[in-house]
1. Can we say A:ALA142 is within 21 Å of the chain's Cα centre (by Cα), without any contact (Cβ under 8 Å) to a residue 12 or more places away in the chain and outside the structural domain of A:GLN38 (by TED's automatic domain parsing)?
2. Are any residues in segment A:135-157 away from every other protein chain (no Cβ under 14 Å), of a type outside the set (Asp, Glu) and assigned to a loop (DSSP other than H, G, I, E, B), and if so, which ones?
3. Can you list the strands (runs of 3 or more DSSP E) lying wholly within segment B:55-164 that have 2 or more residues being aliphatic (A, V, I, L, M)?
4. Need pairs with beta-carbon distance below 8 Å; first residue facing chain A (nearest Cβ under 10 Å) and within 16 Å of A:PRO165 (Cβ to Cβ) and within segment B:62-74, second in a loop (DSSP other than H, G, I, E, B) and open to solvent by 70 Å² or more (accessible area, probe 1.4 Å); sequence gap 6+ or separate chains.
5. List pairs: first residue in segment A:3-20 and of a type in the set (Gly, Ala, Ser), second residue buried (at least 16 other Cβ atoms within 10 Å of the Cβ) and not in a helix (DSSP H, G or I) anywhere in the structure, Cβ distance under 8 angstrom, at least six positions apart or on different chains.
6. If you scan segment A:59-76, which residues turn out to be open to solvent by less than 70 Å² (accessible area, probe 1.4 Å) and of a type in the set (D, E, K, R)?
7. Tell me, which residue of segment A:41-58 that is loosely packed, with under 13 Cβ neighbours inside 10 Å and free of Cβ contacts under 8 Å to residues at least 24 places away in the same chain is farthest from the chain's Cα centre (by Cα)?
8. Find all pairs meeting these conditions: Cβ atoms under 9 angstrom apart; at least six residues apart or on different chains; first residue within segment B:87-106 and under 22 Å from B:VAL60 (Cα atoms) and at the interface with chain A (Cβ under 8 Å from one of its Cβ atoms); second residue among the charged types (D, E, K, R) and assigned to a strand (DSSP E or B).
Amino acid sequence: MAHWQMLTLVGKDQPGIVAAVSAVLYKNNANLGEAAMQRLGANFTIMMMVDYAGSAEDLLSIVTPVAARFGLKEHVDVIEGRLHAHLQADVSISLYGADRAGIVASATERLAQAGLHILALHTDVAGTEEKPVFVMEISGHAAQGVEALREAVDDLDDLEIHIDPLQTMIG
Amino acid sequence: MAILDVLTYPDPLLKQVAAPVTEFDSSLARLAEDLEQTMRAGPGGVGIAAPQVGVLLRVVIVDVSSRPGIPNHGRLVLVNPEIQRWKGMVKGREGCLSVPDFIGTVIRAEHITLQAQDIHGGTQQYQMQGYEARAVQHEVDHLDGLLFLDRLVSRHHDLKPRQS
Ligand SMILES: [Zn+2]
């Protein structure tokens, strides 16, 4: 039986972190499940599902030396998660506009009310310091259909929003 | 007719190149029927290739007609299919009966010209686009021992010229 724990590492980005962390987990019989790593700002961020029979404290003690070497903060939670629990995304949403406060909140609140379950989200700030451009990409499940999502954000006039069904070909 | 077992990765047969069909006989007809039944028994499958059931022959079935609003040629039995022209590129999501529980992004040609023989050996030509063209490219890859896993790109990756 798997013992899933969620390991989070955050700190200043530099090359070699993933390799070093993976190696120390492997050597200590901690197996990697699903993971997502992203450079945000100049920061290294990763969340990884780790299958490890010991306690959260034991897992932390394995990771702490390598985290310290790279100047990362580490955090572990025992989770109820498991593998093979994917939800199928059926809608893709992209949105952009001049950067302004509240852009994510206003759009995602309306989309949630119209049945959107967000499965993945990336936001970025492009443009320049003086003229920032906010870009957001979402994939998710539209429980009430794509048209309900379109209607929900129809009055957000200062944003460009594209909502498209995501098709998956199985063969 | 029978629903056949679908081979899953890492079965080595999935990485083999399949041989051309030379006999258009009753055993080919039976293979096509079994393939179709197996495809329809799978979850949401719109295509299947003979190597996926362990038969190393160049036979695929494609039928995307169940998907609403998609240009299609109906149920197709494609024997010795050959893609003769590729045009345009488009990213899309694919899964595979032989790779359970994984969806990935793959770049495919948007339009293809396809030549294939039918179940009786007659030669047919098709102009295909979009979803149907994607299904055919996925299945023809199976005949050449390629999985969609061999063509994965990042969801955020820029489109770049086809490399094959
Ligand atoms: Zn396949």
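The values are calculated or read from the model by the stated rules, or taken from the named source; none is laboratory data. None of the values given here were measured: they were computed from a predicted structure. Glycine gets a Cβ as well: all are built from the backbone with ideal geometry, and neighbour counts include every protein chain shown. Heads up: the accessible areas ignore ligands, DNA and RNA and are worked out on the full protein's heavy atoms, side chains in. Shrake-Rupley method; radii C 1.70, N 1.55, O 1.52, S 1.80 Å.
1. No.
2. Within segment A:135-157, A:ALA143, A:GLN144, A:VAL153, A:LEU156 meet the criteria.
3. B:59-62, B:76-96, B:99-117
4. Once the first residue is facing chain A (nearest Cβ under 10 Å) and within 16 Å of A:PRO165 (Cβ to Cβ) and sits in segment B:62-74, its partners that are in a loop (DSSP other than H, G, I, E, B) and open to solvent by 70 Å² or more (accessible area, probe 1.4 Å) give B:ARG67/A:GLN167.
5. Every condition considered, the pairs that remain are A:GLY11/A:PHE44; A:GLY11/A:LEU72.
6. Selection gives A:GLU74 alone.
7. A:GLU57
8. Between residues of segment B:87-106 that are under 22 Å from B:VAL60 (Cα atoms) and at the interface with chain A (Cβ under 8 Å from one of its Cβ atoms) and residues that are among the charged types (D, E, K, R) and assigned to a strand (DSSP E or B), the close pairs are B:GLY92/B:ARG108; B:GLU94/B:ARG108; B:GLY95/B:ASP101; B:ILE103/B:ARG93; B:ILE103/B:GLU94.
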